[in-house]
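Asker: After the structure tokens below, expect a handful of questions from me.
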Amino acid sequence: MEHIFRGRVIRENELDYYLLQLDDIINEDLLLPPLDTEMVIRAIWTLVEQTDFADFKQLFIDNGKADWKAEGFIQSIKKSLTPAALHQKIVRELGEDFYKWVEVEPGIQERQQPLGVLFHIGAGNVLALSVLSVLEGLLTGNINVLKLPSYEGSISLTLLKRLVVIEPRLAPYIYVFDISSEDVEILKKLGNVADAIVVWGSDKAIHGIRQIAPAHLPIIQWGHRLSFAYLTPGQHLTSSLEQFAEEICLSDQQFCTSPQCLFVETDDMAVIDACGKKLEEAMTEQAKKYPAATIQIHDQAEITWTKELVKMASVLGQEQLIESEHKDFSIMIDTQPSLKASPLYRNIWLMPMKRSELLSILRKHKGHLQTAGLACHEEDYDDLSNLFYRAGVSRITTFAKMSQTYVGEPHDGKPTLLQYIRTVCKNKN
Amino acid sequence: MNFREKLFRYKKIYDLEGSEDLFLAAMRESVEHHEYHCTFYKELIQNIGYTSDQLKKIEDIASIPAIPVDFFKTHEIRSIEKEEIKIHATSSGTMGQKSQIFIDKSTLKLGTKMIIKAMLYHKFVSIIPTNYLILGYEPKAGNEMGNVKVLTGMTRLAPAKEKVFAIRSIGDAYQIDYFGVMSALKRYARQRLPVRIMGFPSYLYMMLTAMKEMNMPPLKLSKRSIVFTGGGWKKYKDMAIQKEALYALVEEMLGIPSENCRDFYSAVEHSVAYPECRHHRMHVPIWSRVLIRDVNTLEPLGFNQAGFLNFISPLVSSMPLSSVLMGDMAVLRDGSQCGCGITTPYFEILGRAGTRVSKTCASSASELLGGQNGTHI
């Protein structure tokens, strides 16, 4: 097992020796001159240019992603790391020259300052996510300590090793530890040198970190999220459902932005049945275009389990299952509206919804809400979107754009870089 | 006497072949009984055109519609009138909804008969006064969890000299009484009488590690002592250790031989208990059949392949539990070479089914419910 300590690769048997020096070394490095953002941006782009993404593509494929999807994913990561994209992100989130003192009142000045040391707890759910988290820490001038997620393979370690080779001046800012989440003592030690913990992952992972983090330490959490789609009947219905089917097949509902439920604004089950049929047709078409990848056994178990429960409830007329011939997608109709998790992989809940009940139904999951796909008449848009924002939703998109992000887009309603800096001030009056 | 009763009177409890005709006849009876007495079941099988006539040979039991146990968390389904309910048990899930299971007089009678036969077979019945340590909840009015009832029932297998409960009721809440547990163990060790310790494996493990952390010297309990565990690790599955390691720890800290450590699989939604043999395997008895089903097609799989655990049994008459799909992943193995004296197949639980190991950033059902549910006791 390998780790990176101040940019240098160390072996497992050296870990304890180095950890003893961690405090002193970091205390010294905190006095280094501010990290040059331009240098970081250049190093990141050189890393992208020098990396052969074929290996990574294979890793995505091994993780159950279709070839075309792995390619698309890599392209989107590359695009987000170009110097132009990174500049744009920084300017949007932090302004032009964020390290410069700005006079806010006579004799009083403010400027931005890195938080100091960020302790990133990576999540294994999205490959290379941990690296991206560290890159954001570098862009904001922080020293980054990363705990690798389990089951990630060596992607993050390899990339960060290479980054230090490309730009040795980044060495003092990069630490990577391949340790288990069970290793509470080391986690606590790393938490103690940090100014903030950045944690990615499930509620359980976040809860676990809260248990061991000191009370004063800020926790910046990027947790799992729940998204849904909302449709009002009208002219746009058929085309919206076509877009929706494409969105489901393209994403396989694998992102926090992916819909798990489709609400149709009606109290007439005949409308729901008609929507179910239309969506089935659209899904059949899209599934031909984008064949489903093989699903791993535990995910398949959840899908089958959920569908069997729907079949049981259908005996009582409470739910209904529309399943494709090849079982590669399903539409699960529930007569009782609620926001609930679907087993993903092209399995979607379809429910009738009354606008009057919408807010209270969404509010039950306020901490988990993220994206609402919205297809409605123009005159309903403001009313519905205001209601969604108030319920806790942070993104509203068309059905076609649910999984697509733009450069510098806030993450769960927050500009990410802004989370990793603080505003300092001086008053010389 | 009907076939179901005859099956439960059958003497050799692991003679699957000899009792096969009886089992099939009892299953036919079971399907017919629920079809007649339970509207839901009637609709369920009529929708797919199923009838008990399709049960001709033992392989046909796979065609009995299997109900996923989580259905009983959201629906109250009975084949009896309210007045006939003798026991209302719930699964011991700590969060979320619990299965509502109703047991009538005839199920209770046959179930008791079944348990006694199994306990006699495995030589768990004794007349020697025994000290009990129950690593579970102290019984209390209003507590309907199945495991409390089972554990209380188990203390009748040998006359109780003393019973100590690890989780004591304090008003509305429960609290773990570490001090009480440790002092009971020391007292039991001095008395030299057989001790029976029973409860969740997680609690047993926590107790043993606590003894170690407190630097308590290992105890030498009577060699005739028995440790019964059941219910799995539930919310403590992060700390779960292998069965063998747990039994070794029991032997080290309590002096109870590993072959006297027996885990049970039981579920309120199924009611047939599966005690481990002395080689720690859960063999299938004459009262049920175990199928493992493919997680995609639900077709029955052969030995050594992972899938959904499906129990089939005519035991329960109060609810249509003739064939239930458990929330566990399991494998079935050929038991003919076990060497314990039982040759029927045995199953191994691999973990919970239907809860994804989150590989996405989308919220999962268990997160929305606020925690993992346990279904079996």
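Asker: Can you sort B:CYS38, A:CYS261 from fewest to most other Cβ atoms within 10 Å of each residue's own Cβ? Intermediate results must be reported in sequence, preceding the final value.
Answerer: Working: B:CYS38 18, A:CYS261 23.
Fewest-to-most ranking of B:CYS38, A:CYS261: B:CYS38, A:CYS261.
Asker: If you take the beta carbon distance between A:SER239 and B:GLU299 as r and set R0 to 56 Å, what does 1/(1 + (r/R0)^6) give as a FRET efficiency, to the nearest 0.05?
Answerer: The computed FRET efficiency comes out at 0.90.
Asker: Taking square-rooted eigenvalues a ≥ b ≥ c of the alpha carbon gyration tensor, is the range A:1-152 rounded, prolate or oblate, where a/c under 1.5 means rounded and, failing that, a/b exceeding b/c means prolate? Don't skip to the end; give the middle numbers.
Answerer: Numbers: a/c = 2.53, a/b = 1.27, b/c = 1.99.
Verdict is oblate for the range A:1-152.
Asker: A further question on this structure: With 10 Å bins from zero, work out the P(r) of the range A:300-406 over every alpha carbon pair and list the percent per bin.
Answerer: 13, 39, 35, 14, 0
Asker: Can you pull out the GluC sites (Glu not before Pro) in the range A:315-357 that DSSP calls coil and that have at most 15 other Cβ atoms within 10 Å?
Answerer: Listed in order of number, the matching sites are A:GLU325.
Asker: Can you pull out the trypsin sites (Lys or Arg not before Pro) in the range B:13-97 that DSSP calls coil and that have at most 14 other Cβ atoms within 10 Å?
Answerer: Passing sites in the range B:13-97 are B:LYS56, B:LYS57.
Asker: Mind jotting down the distance between the C-alpha centroids of the range B:39-88 and the range B:244-264, whole Å?
Answerer: 39 Å
Asker: Work out the mean other chain Cβ neighbour count within 10 Å for the residues of A:200-212 and drop it here as an integer.
Answerer: 2
Asker: Between the range B:1-33 and the range A:400-416, what is the separation of their alpha carbon centroids in Å?
Answerer: Between the Cα centres of the range B:1-33 and the range A:400-416 lies a distance of 62 Å.
Asker: Using only the Cα atoms of chain A, build the gyration tensor, take square roots of its eigenvalues as a ≥ b ≥ c, and label the shape rounded, prolate or oblate: rounded if a/c is under 1.5, else prolate if a/b is larger than b/c, else oblate.
Answerer: prolate
Asker: Which GluC sites (Glu not before Pro) does the range A:29-128 hold that lie in a coil by DSSP with at most 16 other beta carbons within 10 Å?
Answerer: Details: sites: A:GLU38, A:GLU49, A:GLU71, A:GLU93, A:GLU96, A:GLU103, A:GLU110; in loops: A:GLU96.
Qualifying residues, ordered by number: A:GLU96.
Asker: Quick check: from the Cα gyration tensor, does the protein assembly as shown come out rounded (a/c under 1.5), prolate or oblate?
Answerer: Oblate, because a/c is 1.5 or more while a/b does not exceed b/c.
Asker: Also: Where the centroid of each part is defined by its Cα atoms, how far is the range B:266-333 from the range A:352-391 in Å?
Answerer: Distance between centres, Cα-based: 44 Å.
Asker: Treating the angle as unsigned and between 0 and 90°, give the value, to the nearest 10°, between the Cα long axis of helix B:105-121 and the longest Cα principal axis of chain B.
Answerer: Here the helix axis deviates by roughly 50 degrees.
Asker: Output the Cα-based Rg and Dmax of chain B in Å, rounding Rg to one decimal and Dmax to a whole number.
Answerer: When restricted to the Cα atoms of chain B, Rg and Dmax are 20.8, 64 Å.
Asker: Output the pairs from B:LYS123/B:LYS212; B:LYS98/B:LYS237; B:LYS12/B:LYS140; A:LYS307/A:LYS414 with a Cα-Cα distance over 29 Å in this structure; if there are none, say none. Intermediate values should be presented prior to the final figure.
Answerer: On the way: B:LYS123/B:LYS212 31 Å; B:LYS98/B:LYS237 19 Å; B:LYS12/B:LYS140 37 Å; A:LYS307/A:LYS414 36 Å.
Table pairs above 29 Å Cα-Cα are B:LYS123/B:LYS212; B:LYS12/B:LYS140; A:LYS307/A:LYS414.
Asker: Counting each pair of different Cα atoms once, what's the Kirkwood radius of the range A:226-401 in Å, rounded to one decimal?
Answerer: 16.1 Å
Asker: Counting each DSSP H run of 4 or more residues in chain A as -39500 (n - 2.57), what helix-only mean residue ellipticity at 222 nm follows after dividing by all residues, to the nearest 500 deg cm²/dmol? Show your work: numbers first, answer last.
Answerer: Details: 15 runs with 190 residues, N = 429.
Computed ellipticity for chain A at 222 nm equals -14000 deg cm²/dmol.
Asker: Net charge within 14 Å of B:GLY231 by Cβ-Cβ distance, Lys/Arg positive one each and Asp/Glu negative one each, not counting B:GLY231 itself?
Answerer: Value of the local net charge: +4.
Asker: Going by Cβ distance under 4.7 Å, what cysteines of chain A have no possible disulfide partner?
Answerer: Lacking a cysteine Cβ partner under 4.7 Å: A:CYS249, A:CYS261, A:CYS275, A:CYS376, A:CYS425.
Asker: Give me the angle, in degrees from 0 to 90, between the Cα long axis of helix A:53-62 and the longest principal axis of the Cα atoms of chain A, rounded to the nearest 10.
Answerer: It works out to around 50 degrees.
Asker: Find the relative contact order for the range B:212-294 and round it to a whole percent, using C-alpha pairs within less than 8 Å whose residues are 6+ positions apart. Walk me through the intermediate numbers first.
Answerer: Numbers: 94 pairs, mean separation 22.5, N = 83.
Once divided by the residue count of the range B:212-294, the mean separation gives 27 percent.
Asker: Given the pairs A:LYS311/B:LYS57; A:LYS327/B:LYS149; A:LYS65/A:LYS188; A:LYS57/B:LYS234, which span a C-alpha to C-alpha distance of over 31 angstrom in this model?
Answerer: Numbers: A:LYS311/B:LYS57 27 Å; A:LYS327/B:LYS149 42 Å; A:LYS65/A:LYS188 35 Å; A:LYS57/B:LYS234 37 Å.
Over 31 Å Cα-Cα: A:LYS327/B:LYS149; A:LYS65/A:LYS188; A:LYS57/B:LYS234.
Asker: Given the options A:ALA171, A:ALA54, A:ALA213, state which has the largest fluctuation in a GNM of chain A using a 10 Å cut-off (strictly under) for Cα springs.
Answerer: Highest fluctuation of the listed residues: A:ALA54.
All of the numbers you see were taken from the coordinates with simple rules; none came from a lab. What you are looking at is a predicted structure, and each value in this text was computed from that prediction instead of being measured. A quick note on method: Cβ atoms are made from the backbone with ideal geometry, for glycine too, and the neighbour counts reach across all protein chains shown.
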